[in-house]
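Here the structure comes first, spelled out in structure tokens, and everything after it is commentary.
The values are calculated or read from the model by the stated rules, or taken from the named source; none is laboratory data. As the structure is a computational prediction, the values presented were derived from the model and not from experiment. Note: ideal-geometry Cβ built from the backbone for every residue, glycine included; neighbour counts use all protein chains shown.
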Amino acid sequence: MEKAEAGLGDELTQHGIATELFGKPTSFDPSSDPMVRMLATKLRKSLAVFFEDNPNCEVKIDLPKRSYTPVLSLNGSYLPEPTLPDTHYPTIAVLPFSLTSQDELCVDLTNSLQEELNHALGRFDQLAVLSPLRIQEASEGSISLSELRRLLGVRYVISGSVRRNSMSTRITIALSETDQGIQIWSERFELMGELGSLGEQERIVQKMATKIGSSYGVISMHEFQAIKHHDKTVLNDYQARLFYLEYLTKMSQESLQDMIALYEELTLERYANDARMLATLAQLYCDALLFGIMDQQQVIERCEKLVAKALDFSPHDSEVILAQAWWALLTNNEQKVKSCAERIIQLNPNSHYTIGAAGWLVCLSGNFDYGIRILTDLLGKDEYFPNWLKLSQALNAIRQQDMDAALQSIELFYVEGNVLQTILLALIYQVTGHYAFAEQHWSEANGMVSELPRISEQLLKVMILDKPLCETLEKARQILVR
């Protein structure tokens, strides 16, 4: 309490408490000795029991989860009790859809949309979805967007309507933010086929959920625009992930080093036990290997520790499993890469970017048939399909010695400062006999990084487990190096 009142709450860490309060040596390791965490859990329970038995205490003391800094609050404050978990993730509420037709099938569809959309959005790890029961309780009377934000902590609201005529059924959906009351996205969806078809309804709901809640969906893009000029040293876990997603669109050595520094700092203390943060750091180390910043054995050792710890905290997080797939690729475990991809798809079939990344790793592990199936399936579901994932189709065509198909796969391929993509494009053009394009991309890559020969050699050694394909690309690389 003394440190908290003195503004020294940041010093209340597991290590600080163990050494100062319990006299542990400075070598005390919180990750191997859970003493402080166990005592904090016991203290939280004791505080809860005490204040439940003494409801008239003027001041209440709380010890929030994953924190060792006490929080004081006045009893009987006019502020409402928080109704959502304390999270940095965007909170979203799906309101009941309205309808203009009393047709029985149309009524059933309208009634089910809220529940189905809640279910689909709830599978995204980076969203906090408000229970429809809480919405129903709060909306017994008229409730405004500002009240949803003030009373329920909701940042985004989904509303919509269902219209039907003799020819078709149209669902209109809108996403609004509650701070300024601005509608930031809306779209119409046409139901094809029978209205009562559960498969068709599921297709529409999945498309809605993906557009709204995926890694590069409307909410992520809107949130990033609000923080992209913020000081990175004060970011929370969700904001740090938005910067990581931005990094993935360009992937330069400089931005990679910035991301590693950011995540190492965040996981040192504040997010030392956050599974997703640990998993992301593991993936950044894998990128460092591809860029020649770290050696393979060093990355394997670090990734193994980070992934094991992340799996211990959150074994069902898709980002954690993706990091596990990366580790499996580095250790030449093709079957493990495949099983990780299957698990990611099972956890959230609407998380298209994560599934696409898993499909890419499956291809790199040598299982092109399954990896291409994953990526081809995504092409029909989402307008957003990262360019770099198309490289797998070109590599597979080279593997099958179909040079025309390889060139077709990279038509209109746009590269924006991504040296890894540029290297692979140069090699693909060299193999397919388009030497001028190969030299052009190789020269561009040489301008992005130092030691291009070493980095390109490591890229093939680490990423391409299919031996014949790797040998073909290596011959092309040696020609370009000369």
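Contact map, the range 146-161: residues that are closer than 12 Å to residue 114 by Cα paired with residues that are small (Gly, Ala, Ser) and crowded, with 18+ Cβ neighbours inside 10 Å, Cβ distance under 6 Å, separation 6+ or inter-chain. Pairs shown: 157/93; 157/176. Contact annotation: residue pairs with Cβ atoms under 6 Å, 6 or more positions apart or on different chains, pairing a residue in the range 453-479 that is assigned by the TED database to the domain that holds residue 428 and assigned to a helix (DSSP H, G or I) with a partner that is of a type in the set (Ser, Thr, Tyr) and surrounded by 18 or more Cβ atoms within 10 Å (Cβ to Cβ), are 477/456.
Is there a residue being under 14 Å from residue 154 (Cβ atoms), among the small types (Gly, Ala, Ser) and out of contact with any helix residue (DSSP H, G or I) (no Cβ under 8 Å at 6 or more places or on another chain) anywhere in the range 108-129? First the steps, then the outcome.
Kept after step one, since they are under 14 Å from residue 154 (Cβ atoms), are these residues of the range 108-129: 118, 121, 127-129.
Remaining after also requiring among the small types (Gly, Ala, Ser): 128.
In the following step, the residues that additionally are out of contact with any helix residue (DSSP H, G or I) (no Cβ under 8 Å at 6 or more places or on another chain) were identified as 128.
Yes; the residues of the range 108-129 include at least one that is under 14 Å from residue 154 (Cβ atoms), among the small types (Gly, Ala, Ser) and out of contact with any helix residue (DSSP H, G or I) (no Cβ under 8 Å at 6 or more places or on another chain).
Checking each residue in the range 336-351 for being farther than 23 Å from residue 274 by Cα, part of a helix (DSSP H, G or I) and either hydroxyl-bearing (Ser, Thr, Tyr) or at pLDDT below 95 (or both) picks out only 339. Taken as a whole, the range 426-444 holds at least one residue that is surrounded by fewer than 20 Cβ atoms within 10 Å (Cβ to Cβ), outside the structural domain of residue 331 (by the TED database), more than 18 Å from residue 365 (Cα to Cα) and in contact (Cβ under 8 Å) with a residue 40 or more places away in the chain.
Total residues in the range 60-104 satisfying the condition of being among the small types (Gly, Ala, Ser) and either modelled with pLDDT of 75 or more or surrounded by 17 or more Cβ atoms within 10 Å (Cβ to Cβ) (or both): the figure is 2. The set of residues from the range 445-465 being buried (at least 21 other Cβ atoms within 10 Å of the Cβ) and charged (D, E, K, R) is empty. Could you tell me which residue of the range 133-181 is surrounded by the most Cβ atoms within 10 Å (Cβ to Cβ), considering only residues that are over 17 Å from residue 121 (Cβ atoms) and under 25 Å from the mean Cα position of the chain (by Cα)? Once the filter is applied, the top-ranked residue is 149. Inspect the range 362-371 for any residue being charged (D, E, K, R) and closer than 23 Å to residue 424 by Cα and give the result as yes or no. Yes; the residues of the range 362-371 include at least one that is charged (D, E, K, R) and closer than 23 Å to residue 424 by Cα.
Screening residue 326 against (1) under 18 Å from the mean Cα position of the chain (by Cα); (2) farther than 21 Å from residue 356 by Cα leaves a single unmet condition, (2). It is to be established whether one or more residues within the range 137-147 are out of contact with any Gly (no Cβ under 9 Å at 6 or more places or on another chain) and closer than 27 Å to residue 347 by Cα. No: the range 137-147 contains no residue that is out of contact with any Gly (no Cβ under 9 Å at 6 or more places or on another chain) and closer than 27 Å to residue 347 by Cα. Quick check: is even one residue across the range 31-48 surrounded by 13 or more Cβ atoms within 10 Å (Cβ to Cβ) and modelled with pLDDT under 75? Checked against the condition, which is being surrounded by 13 or more Cβ atoms within 10 Å (Cβ to Cβ) and modelled with pLDDT under 75, the range 31-48 yields no hits at all. Of all positions in the range 353-375, at least one carries a residue that is outside any loop (DSSP other than H, G, I, E, B), at negative phi, basic (Lys, Arg) and surrounded by fewer than 18 Cβ atoms within 10 Å (Cβ to Cβ). Residue 368 passes every criterion in (1) farther than 30 Å from residue 205 by Cβ; (2) outside the structural domain of residue 468 (by the TED database); (3) at pLDDT below 90 apart from (3).
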